[in-house]
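Asker: After the structure tokens below, expect a handful of questions from me.
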Amino acid sequence: MPAIPLPQPWSQSRVCVVVPTYNEASNLGELIHRVLELPLPNLRVLVVDDASPDGTGEIADALATDHPDRVSVLHRAGKEGLGRAYVAGMRRALADGADYVAQMDADLSHPPSYLPQLLGTLLATGAGVVIGSRYVPGGSLAQDWGAHRRLLSGWANTYLKTVLDLPIRDVTAGFKLWSEEALTAIDLDAVTSTGYSFQVEMHYRAYTRGQKIVEIPIHFSQRQTGASKMDLGVQVESALQPFRLRRRARPR
């Protein structure tokens, strides 16, 4: 039985969930199914595929055919990085009339069931961005995250908050909802990050441009199928990007 739509203003809010994909054929169908089950009738999904060789783009096209009013696909020529995919997707979402743009990984680590809560928090607080956070009280990580990964994630957040002086618990979070006004203030055309440091740059640009940032607790799940895209090059970019951001922010 379909879920009963949430009342106004949830039901009237035009939300676009941008999902970058590269070799996520085993996850995309389940993710789209869960998102479309949510009681948000004006929610849409935009899949941004970087020419995945495993057929993810073709699966996305089939889903768009099955749900022509709710799913669309942006095909890109090749793998250019998470940051470039998100910028392209966010631009398209805003051009198509979205009031709010959500970021969500395709690997099911971000439970779609939190999306109404992200939207409700943003509507209630007037925030520019609401972050689904692993590190605020009530947030949690998958039990099968090993000690090494937990330590690395905790260290990275501490390092980034220290270098950039950000009042955010989960600086590397990738599950969040933006208002159209906040994305306009950030100036997507000026974003330079290509990899996972995109998350950090967006938080930094929001904070330094006076956008209100709110974090709510989520449970971060473990990827069940497919492979992580976090390679050495991405890690190096993530380590150096905070210093580049601070240097560009200095008065001239």
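Asker: Find the residue count for the range 157-183, including only residues that are touching a Phe, Trp or Tyr at 6+ places or on another chain (Cβ under 8 Å), more than 21 Å from Ala124 (Cα to Cα) and of a type in the set (Ser, Thr, Tyr).
Answerer: Total satisfying the criteria: 1.
Asker: Quick one: what pairs do we get from the range 137-150, first residue farther than 13 Å from His219 by Cβ and outside any loop (DSSP other than H, G, I, E, B), second modelled with pLDDT of 70 or more and not β-branched (Val, Ile, Thr), C-beta under 9 Å, 6+ apart or different chains?
Answerer: Arg149/Leu141; Arg150/Leu141
Asker: A further question on this structure: Within the range 49-59, is there a residue that is under 15 Å from the mean Cα position of the chain (by Cα), outside any helix (DSSP H, G or I) and either over 27 Å from Gly120 (Cβ atoms) or modelled with pLDDT of 95 or more (or both)?
Answerer: Yes, because at least one residue in the range 49-59 is under 15 Å from the mean Cα position of the chain (by Cα), outside any helix (DSSP H, G or I) and either over 27 Å from Gly120 (Cβ atoms) or modelled with pLDDT of 95 or more (or both).
Asker: What are the pairs with Cβ atoms under 9 angstrom where one residue, in the range 104-121, is buried (at least 23 other Cβ atoms within 10 Å of the Cβ) and small (Gly, Ala, Ser) and the other, located anywhere, is in a loop (DSSP other than H, G, I, E, B) and modelled with pLDDT under 95? Sequence gap at least six, or different chains.
Answerer: Ala106/Gly226
Asker: What residue, of Ala227, Ala173, is at pLDDT below 90, assigned to a loop (DSSP other than H, G, I, E, B) and within 24 Å of Ser140 (Cα to Cα)?
Answerer: Checking each option against the conditions leaves just Ala227.
Asker: Another one. Hey, among Ser140, Ser193, Ser153, which residue is among the small types (Gly, Ala, Ser) and within 14 Å of Gln103 (Cβ to Cβ)?
Answerer: Ser193 is the lone residue from the list that is among the small types (Gly, Ala, Ser) and within 14 Å of Gln103 (Cβ to Cβ).
Asker: Give the residue that is farthest from Asp187 (Cα to Cα), with candidates limited to residues of the range 86-99 that are over 12 Å from the mean Cα position of the chain (by Cα) and surrounded by 22 or more Cβ atoms within 10 Å (Cβ to Cβ).
Answerer: The selected residue is Ala98.
Asker: Of all residues in the range 173-196, count the ones that are touching a residue at least 60 places away in the same chain (Cβ under 8 Å) and either within 12 Å of the chain's Cα centre (by Cα) or closer than 17 Å to Ser133 by Cβ (or both).
Answerer: Total meeting the criteria: 6.
Asker: Spot the failing condition for Gly83; the list is (1) surrounded by 19 or more Cβ atoms within 10 Å (Cβ to Cβ); (2) in a loop (DSSP other than H, G, I, E, B); (3) not aliphatic (A, V, I, L, M), and only one is missed.
Answerer: (2)
The values are calculated or read from the model by the stated rules, or taken from the named source; none is laboratory data. Please read all numbers here as calculations on a predicted model, not as lab measurements. Cβ: placed from backbone, ideal geometry, glycine included. Neighbour counts: every protein chain shown.
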